[in-house]
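Engineer: What follows is a structure written as structure tokens; I'll ask about it next.
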Amino acid sequence: TKYKNGIQQVLLQNPRGASARVSLHGGQVLSWKTDRGEELLFISSKANFKPPAAVRGGIPICFPQFGNRGSLEQHGFARNRMWLIDENPPPLHSSDSNGKAYIDLLLKPSEEDLRIWPHSFEFRLRVALDFDGHLIFTSRVRNINSKPFSFSIAYRTYFSISDISEVRVEGLETLDYLDNLCQRERFTEQGDALTFESEVDRVYLSSSDVIAVFDHQKKRTFLIRKEGLPDVVVWNPWEKKSKATVDLGDEEYKQMLCVDGAAIEKPVTLKPGEEWTGRLDLSVVASI
Ligand code: TA6
């Protein structure tokens, strides 16, 4: 545990020296490093670390609403709240913990939150680093209310890349997507890998298998595996939107790409007492 700007952060390390740093503000991962100390996540040089705003970069969690698809602030309030360390979480499946360095965090709505979103929940987040350096999120959202509620969720993952014009994403071919730049109209992705030459802001629907993000210059590939998260958001702000984003450097869109495991098109509905579990497993491999 360490403190940065008065905010508690938890450092996870595995026996090989890979590491991750999780801030209790937002439950946000701010760093994920290989066993050679290479930083894998993008953090803006203009990031604002003062609460309540989420830090621009790392992996903020968009919950209980993605984007502005509802009455809450953009991307919901979970990323702007202080989470607690969960000392005695209900037992998770052993595969979620054996051989892993992990921390359990808990978010419960404040009275203020319940005024804007009248659904009482417990959001238990386990952030784990396994022996091979995979960064694994296990999310459990339980409805502790007396009425059903629905939510959408996305792990907004800012991957650090060397040059957006030399990045290729595979695993989204032929999927339908909702284009945020065209009133969320539905389109169908063509048959080959996704490359980038302008702003992209899309929700790909029901992607099931592994998504691969190839960074050509760094000769490395990020792999994204997920359970309970049918959708994938792909976002790069490009130049114009970067210039309009105060906590993002004008040229920094070239070094970042967001590819987020998410459940958006079909929000998750929980009956009273019901619990939803979603898993995201991020890893990086050397690629030829
Ligand atoms: O990808 C969805 C999106 O809403 C984009 O339109 C852009 O606004 C991005 O998320 C960043 O949102 P934020 O609230 O983190 O600045």
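Engineer: Restricting region 196-208 to residues that are open to solvent by less than 70 Å² (accessible area, probe 1.4 Å) and within 22 Å of GLU251 (Cα to Cα), which is nearest to the ligand (Cβ to nearest atom)?
Structural biologist: Residue satisfying both the conditions and the ranking: ASP201.
Engineer: Restricting the search to region 238-272, which residues are open to solvent by 30 Å² or more (accessible area, probe 1.4 Å) and farther than 30 Å from ASP209 by Cα?
Structural biologist: Matches in region 238-272: GLU239, LYS240, LYS241, LYS243, ALA244, VAL246, ASP250, GLU251, PRO272.
Engineer: What number goes with the only condition from (1) of a type outside the set (Lys, Arg); (2) assigned to a strand (DSSP E or B); (3) open to solvent by 20 Å² or more (accessible area, probe 1.4 Å); (4) in contact with a Phe, Trp or Tyr (Cβ under 8 Å, 6 or more places away or on another chain) that SER165 does not pass?
Structural biologist: SER165 satisfies every listed condition except (2).
Engineer: With respect to VAL234, is the statement that it is within 11 Å of the ligand (Cβ to nearest atom), more than 16 Å from GLY58 (Cα to Cα) and not in a loop (DSSP other than H, G, I, E, B) true?
Structural biologist: It is false that VAL234 is within 11 Å of the ligand (Cβ to nearest atom), more than 16 Å from GLY58 (Cα to Cα) and not in a loop (DSSP other than H, G, I, E, B).
Engineer: Residues of region 273-285 being among the hydrophobic types (A, V, I, L, M, F, W, C) and open to solvent by less than 40 Å² (accessible area, probe 1.4 Å), which ones?
Structural biologist: Selection gives TRP276, LEU280, LEU282.
Engineer: Something else: Hey, can you tell me all the residues within region 24-66 that are surrounded by fewer than 19 Cβ atoms within 10 Å (Cβ to Cβ), more than 13 Å from the ligand (Cβ to nearest atom) and part of a loop (DSSP other than H, G, I, E, B)?
Structural biologist: The answer is THR34, ASP35, ARG36, GLY37, GLU38, SER45, PHE49, LYS50, PRO51.
Engineer: Moving to a separate point now. Consider region 69-99. How many of its residues are outside any helix (DSSP H, G or I) and open to solvent by 40 Å² or more (accessible area, probe 1.4 Å)?
Structural biologist: So the answer is 16.
Engineer: Would you say GLY17 is in contact with a Phe, Trp or Tyr (Cβ under 8 Å, 6 or more places away or on another chain), more than 16 Å from the ligand (Cβ to nearest atom), assigned to a loop (DSSP other than H, G, I, E, B) and small (Gly, Ala, Ser)?
Structural biologist: Here the answer is no, as GLY17 does not meet what is asked.
Engineer: Further question: Listed residues ILE288, ILE211; which is open to solvent by less than 40 Å² (accessible area, probe 1.4 Å), of a type in the set (A, V, I, L, M) and either in contact with a Lys or Arg (Cβ under 6 Å, 6 or more places away or on another chain) or away from the ligand (no atom under 14 Å from the Cβ) (or both)?
Structural biologist: ILE211
Engineer: Identify all residues within region 49-59 that are at pLDDT 95 or above and closer than 18 Å to TYR3 by Cα; write none if there are none.
Structural biologist: Step one: list which residues in region 49-59 are at pLDDT 95 or above, which gives 54-59.
Matches in region 49-59: ALA54, VAL55, GLY58.
Engineer: Okay, moving on. Residue check: is LEU172 open to solvent by less than 50 Å² (accessible area, probe 1.4 Å) and within 16 Å of the ligand (Cβ to nearest atom)?
Structural biologist: Working: open to solvent by less than 50 Å² (accessible area, probe 1.4 Å): yes; within 16 Å of the ligand (Cβ to nearest atom): yes.
Taking the combined requirement at face value, the residue satisfies it.
Engineer: Filter region 131-147 for residues that are open to solvent by 10 Å² or more (accessible area, probe 1.4 Å) and within 24 Å of ARG79 (Cβ to Cβ) and give the result.
Structural biologist: The answer is HIS134, ILE136, ARG140, ARG142, ILE144, ASN145.
The values are calculated or read from the model by the stated rules, or taken from the named source; none is laboratory data. Please read all numbers here as calculations on a predicted model, not as lab measurements. FYI the Cβ positions are ideal-geometry reconstructions off the backbone, even for glycines, and counts take in every protein chain you see. For accessibility, only protein heavy atoms count, side chains too; no ligands or nucleic acids. Shrake-Rupley method; radii C 1.70, N 1.55, O 1.52, S 1.80 Å.
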